[in-house]
Each structure stands twice: as structure tokens, then as C-alpha cells.
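Have a look at the structure below before the remarks.
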Amino acid sequence: MEKTQKKCDIIFYIHRYDPEKDEGPWEKQYTLQVERGMTVLDGLHKIKETQDPSLAFRFSCRMGVCGSCAMLINGKPMLACNTQILDVTEKILTVAPLPNFTIIRDLVPDLVPMFGVHASVQPHIKRSDVMEMENPTGEYFQTPRQLEEFLQFTYCIKCGACMAACPTMATDRKYPGPMPLTQAYRYNVDSRDDGGKDRNDMVATSHGVFNCHYAGECSNVCPKGVDPARAIQLMKKDLVRDYFNLNKKKVCAPVNCVSVEPKPKVAVPPFTVGK
Amino acid sequence: MRETKYWTWFIIAGFMIFVLGGLHMMTVHLNGVVSLFNPFGSDAVAWKNVAYRSKSLCFTLTYIALLGAVLYHGFYGLRTILMELGLQKTTQRKLTASLWVIGIILFVIGTLAAAAAKIAATTL
Amino acid sequence: MAYKYDNHLGIIGWLGGGRWGIERYLYITHRLAGLGILLFFMLHIFESSLRVFGPRTWEAAMATMKHPLFEIGEFLVFTGFAFHALNGIRLILIELGFAVGKAEEPTYPYRTSLNTQRPLMLIVMVLSAILILAGGYNIFFFVK
């Protein structure tokens with residue numbers, strides 16, 4: 001099919017849900033003239049502007065870096081801003097909110113529980129030297145090779161597409177999900193981090209990392225190529241090696257003291273999400 | 001670490017089944033394609049062949065090992081599937097305990113049967 | 001405030017919807033095969049223990065098993081075992097980190113661990129097909 005400058009009419013089936021009026025989601029049909037280059041997010045904006053101002057959806061950067069607009073587009077979790085309509089369909093486009101979350105309204109999922117699970121795996125550099133963590137006296141050096149071991153997993157934008165695609169997430173409410181597990185692994189292999197044992201105690205539970213069975217959909221749908229499936233299998237490998245005491249004791253990056261005036265500590269801003 | 005231990009042995013049992021179960025499948029279900037451990041004709045379930053295998057100590061021990069591996073691997077898999085469906089904490093513990101109990105009972109039955117079969121094959 | 005709608009897929013979420021990758025379908029087939037084999041095995045322990053009672057009981061039991069329905073069941077169990085065992089070896093290699101590859105900086109088009117393990121997956125599928133055909137020949141066509 002030629003992909004030249006053309007406009008065509010695409011039928012949108014968009015899942016709507018108003019908690020004050022509806023028992024559950026229902027589909028509403030819209031027809032939109034779509035031209036080459038229009039993303040699904042552009043389409044939703046056009047519908048909201050010209051046809052139905054009550055349509056609710058989450059968006060922000062519109063360029064695939066913030067992770068706000070993940071939704072189920074023709075049955076696959078994708079970023080709406082990253083997906084061109086004519087790449088996905090020639091006639092019918094179904095847009096639904098991400099599965100495996102609760103829906104607040106229309107296409108808006110409640111991502112706060114996912115952020116809570118993410119926070120629970122302590123996704124920050126942890127050192128056994130608490131004094132150094134709280135009042136740092138210097139930097140940690142890291143070689144490019146050490147960086148490469150976890151760099152891929154830092155590209156995660158927390159969009160929730162992997163969580164929607166995971167079959168275990170469909171039934172198991174206590175399963176952390178691909179994103180928190182990948183972030184736990186990302187910190188475990190970071191040479192600057194010392195908190196592997198605590199994180200492993202949190203993820204190697206009866207509803208933890210071993211409930212991943214490599215369906216691979218998380219890696220298939222990730223818009224940033226983070227490959228959570230790879231991270232989770234590498235984490236299982238680490239756990240088994242730990243069990244057989246095959247892992248060398250991790251040497252954490254030493255502190256390189258810098259002789260400058262320490263900057264004044266800034267107060268942590270209040271946590272506002274979910275309030 | 002406990003779940004890591006359960007899962008690691010689940011994997012080891014799986015590999016054991018691949019080897020021993022694979023040999024068993026070849027003996028009984030691929031007897032026309034590869035003739036393995038069937039010295040008395042190509043019918044793998046004829047009494048003569050069955051008695052030949054039941055008499056041998058080596059076979060009896062490997063069958064008992066295969067039985068243990070299959071029970072552990074199968075029940076761990078079943079436990080995983082049921083846990084993923086969402087159960088209360090007390091139900092989860094009861095499920096794990098009952099699967100252990102049923103597994104051990106079936107293992108004992110199977111082992112006694114294998115031992116009795118060894119005797120039966122020698123005398124009957 | 002009005003309640004939020006729970007959009008978890010439940011057990012239907014295990015089955016997929018037609019646009020998933022093949023590994024997702026291998027996952028659900030692997031589960032079904034495993035459950036099928038476990039169910040069969042519960043009966044198999046007792047059926048094969050009949051050899052304890054000597055040749056007459058055993059031969060009588062085996063004569064019952066020659067019925068076409070049992071032969072189809074035998075073929076299904078063999079198919080399930082062949083697929084589950086070979087896919088299981090593939091999963092062991094993947095889940096112990098051998099077939100997923102190292103972390104590498106993602107450049108579009110992304111090559112994930114799914115691409116790395118695909119040759120292994122193809123080998124497993126081909127071997128399963130060969131074994132299933134061999135089993136089918138053996139159970140339905142080979143005359144003892």
C-alpha cells in the first residue's frame with residue numbers, strides 16, 4: 001500500500017467510562033479524517049476539540065519521553081504519541097485504557113499503585129555506609145563497562161505498557177510487575193549500590209520474580225527498548241547463583257573524596273502524587 | 001531465599017524429568033522408532049518387557065527418582081498457577097502444606113509399588 | 001467520590017488476544033500441557049502399579065488400553081510431554097540467563113532478548129514437531 005500524502009476516514013472505537021454515570025466501560029464510535037503523520041494522540045486531540053469535549057486522556061510531552069499516554073491501541077499497549085494511526089490500521093482503530101490497572105475515567109488508568117510498588121523496591125543507590133549516603137563526601141567512580149551492565153534498564157519511562165502486557169499481572173495482584181522488577185535489577189547490578197540483599201528479599205517471594213514465566217510481551221511492547229524480560233531473567237540467574245554461593249562478593253565503588261566546599265542540603269519536597 | 005530454593009529444585013527436577021522421562025517415553029512410546037530396553041519383542045507393555053525392567057534394581061531406582069521429580073515439579077507448577085489466581089494468605093499456606101502431604105503420600109505409594117513390582121517380577 | 005473501574009484481565013489475560021508474540025502463546029500452551037500431564041500422571045501412578053499383581057492382571061489392563069480412545073489419549077500425553085519438555089529446556093536456558101543476552105544500549109529498531117532467543121525457540125519447535133510425528137507414527141501406525 002502506498003504511503004503517500006493522503007487523507008482517509010478512520011473509525012475510532014474509544015472506550016469511555018464516567019465513574020459517576022457508568023457501571024463499566026463502553027465503546028463510543030467516532031469518525032475522523034486522518035492524514036499521514038497523525039499520531040493516535042493527535043487523533044484523540046482532534047476528536048476532543050471537534051467532536052466530543054468530554055473525552056479524557058492523559059498526555060504530556062507528546063514525544064515519547066514522559067510515559068503518560070500509554071493505552072491499548074488495537075489490542076496492544078503502546079504510547080499514543082509514538083504511534084502513527086496509519087501505521088496501525090487502514091480502517092478501524094480501537095483505543096482502550098491500559099488493562100491490569102484500575103480506570104479513573106475514559107482512557108486514564110490509575111498509575112499510583114504501580115509507583116507505590118516501584119518505590120517499595122527502593123529504586124535508589126543504597127550504601128551500607130548510611131552516613132555517606134545522607135551526607136556525601138565525594139563521588140563514586142564507574143567504568144563504562146560497569147555502566148553498560150545496567151544502562152539499558154535506566155531508559156524506563158514508567159509508562160505502564162509492560163505491566164498491561166504481562167499475563168501474570170492479569171491475575172496476580174501481589175506480583176510486582178515487569179517495571180519494578182527491572183528497576184530492582186537495575187540497582188542491584190549498579191556498581192555503586194550496596195542494597196542487593198534487601199531488594200532480593202523483597203523480590204524473591206512467593207509472588208515475586210519467580211512468577212515471571214517469560215511470555216516476553218513486556219519486552220515486545222516496551223516503547224523505549226528497556227527489555228524488562230531480560231532484566232528479570234538475569235535477576236533470576238543472580239538469585240540462583242546466590243543460592244549456590246557462586247557469586248563473588250560485590251565490591252562497591254569506593255568513595256572518591258573531593259576537596260571542595262560541600263553544598264547545603266536541600267529539603268526533600270513534599271510527595272504530592274496520590275493525595 | 002526459600003522461594004529461590006523451591007524454584008531452583010523445580011528447575012533441577014525439570015531437567016531430571018527431561019532426561020529420565022525422555023528415556024521412559026522412548027522406551028514405551030517410541031518402541032517402533034528406537035528399540036530401547038525392550039529385549040523381548042517390540043511391544044513395550046508386554047509382561048515380559050515390563051518384568052525385565054521391574055526386576056532390575058537400576059530401573060527401580062531410576063523410576064523412583066523420576067516419580068519424585070515429577071511429583072515435585074508438577075505440584076510446584078500447580079501451586080504456582082493456583083497462587084497466581086489470588087488466594088488469601090492462610091489459604092496459600094494450607095495449599096502449600098496439602099500439596100506437600102499429597103505429594104509425599106503419592107511418592108510413598110509409588111515407591112512401595114516399585115519395590116513390590118520388583119518382587120512380583122522376580123517371582124511371578 | 002465514585003468508584004474506579006477495575007480493569008484487571010483475570011484468567012482471560014493468560015490467553016492473549018491475537019496480536020501477541022509467539023512466546024506468549026508458548027507460555028500458555030506450556031501451562032496447559034503441564035496441567036494435562038499432571039492430571040494424567042495422577043492416574044498413571046495407579047495404572048502402572050497394577051504390574052504388582054502379576055502378568056494376568058497386567059495383560060488384562062493393557063488389553064483395555066488398546067482401545068482407540070486410550071490411544072488418542074496416549075498420543076495427547078506424548079505430544080504434551082514432548083512440547084513441555086523441549087519448551088521447558090528452552091525456558092531453563094532463558095531463565096538461568098544463558099539465552100537472553102547481555103544488557104546493551106537500546107537503539108531503534110530495538111533488538112530485545114526475544115530476538116536473542118528466537119533461534120533457540122525455532123529449534124525447540126522443530127524438534128517438538130519431529131518428536132510428535134514420530135510418536136504419532138509409533139502409536140497409530142506401528143504394528144507390534
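The values are calculated or read from the model by the stated rules, or taken from the named source; none is laboratory data. Model, not experiment: these values are computed from the prediction. In this analysis, Cβ positions are derived from the backbone assuming ideal geometry, glycine residues included, and neighbour counts consider all displayed protein chains.
Here are the numbers for the structure shown:
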| read-out | value |
| --- | --- |
| Some residue of segment A:165-173 being crowded, with 24+ Cβ neighbours inside 10 Å and either away from every other protein chain (no Cβ under 11 Å) or of a type in the set (S, T, N, Q) (or both) | no |
| Some residue of segment A:185-196 being within 13 Å of chain C (Cβ to nearest Cβ), in contact with a Gly (Cβ under 8 Å, 6 or more places away or on another chain) and surrounded by 22 or more Cβ atoms within 10 Å (Cβ to Cβ) | yes |
| Single residue of B:GLY77, B:GLY110, B:GLY86, B:GLY68 found to be in contact with a helix residue (DSSP H, G or I) (Cβ under 8 Å, 6 or more places away or on another chain) and part of a loop (DSSP other than H, G, I, E, B) | B:GLY86 |
| Which numbered condition B:ALA116 misses (of (1) at pLDDT 95 or above; (2) at the interface with chain C (Cβ under 9 Å from one of its Cβ atoms)) | (1) |
| Which listed residue is facing chain C (nearest Cβ under 8 Å), free of Cβ contacts under 8 Å to residues at least 60 places away in the same chain and under 29 Å from the mean Cα position of the chain (by Cα), from A:LYS237, A:LYS224 | A:LYS237 |
| Residue check for B:SER42: over 26 Å from B:ILE109 (Cβ atoms), hydroxyl-bearing (Ser, Thr, Tyr), more than 15 Å from the chain's Cα centre (by Cα) and facing chain C (nearest Cβ under 8 Å) | yes |
| Filter pass, A:THR83 being closer than 26 Å to C:ARG24 by Cα, touching a strand residue (DSSP E or B) at 6+ places or on another chain (Cβ under 7 Å) and surrounded by 13 or more Cβ atoms within 10 Å (Cβ to Cβ) | yes |
| Enumeration of residues in segment A:240-257 that are under 28 Å from the mean Cα position of the chain (by Cα) and free of Cβ contacts under 8 Å to residues at least 40 places away in the same chain | A:VAL240, A:ARG241 |
| Pairs where the first residue, in segment C:125-138, is more than 18 Å from C:GLU74 (Cβ to Cβ) and the second is β-branched (Val, Ile, Thr) and in a helix (DSSP H, G or I), C-beta under 9 Å, 6+ apart | C:MET125/C:ILE22 |
| Top-ranked residue of segment B:14-33 - restricted to ones that are of a type outside the set (Val, Ile, Thr) and outside any helix (DSSP H, G or I), ranked as nearest to the other protein chains (Cβ to nearest Cβ) | B:GLY32 |
| Filter result (more than 14 Å from chain C (Cβ to nearest Cβ) and under 16 Å from C:LEU35 (Cβ atoms)) within segment B:72-98 | B:LEU95 |
| Residues located in segment A:205-221, provided they are within 7 Å of another protein chain (Cβ to nearest Cβ) and β-branched (Val, Ile, Thr) | A:THR205 |
| Count - residues of segment A:129-163 that are within 26 Å of B:GLN88 (Cβ to Cβ) and out of contact with any Gly (no Cβ under 7 Å at 6 or more places or on another chain) | 0 |
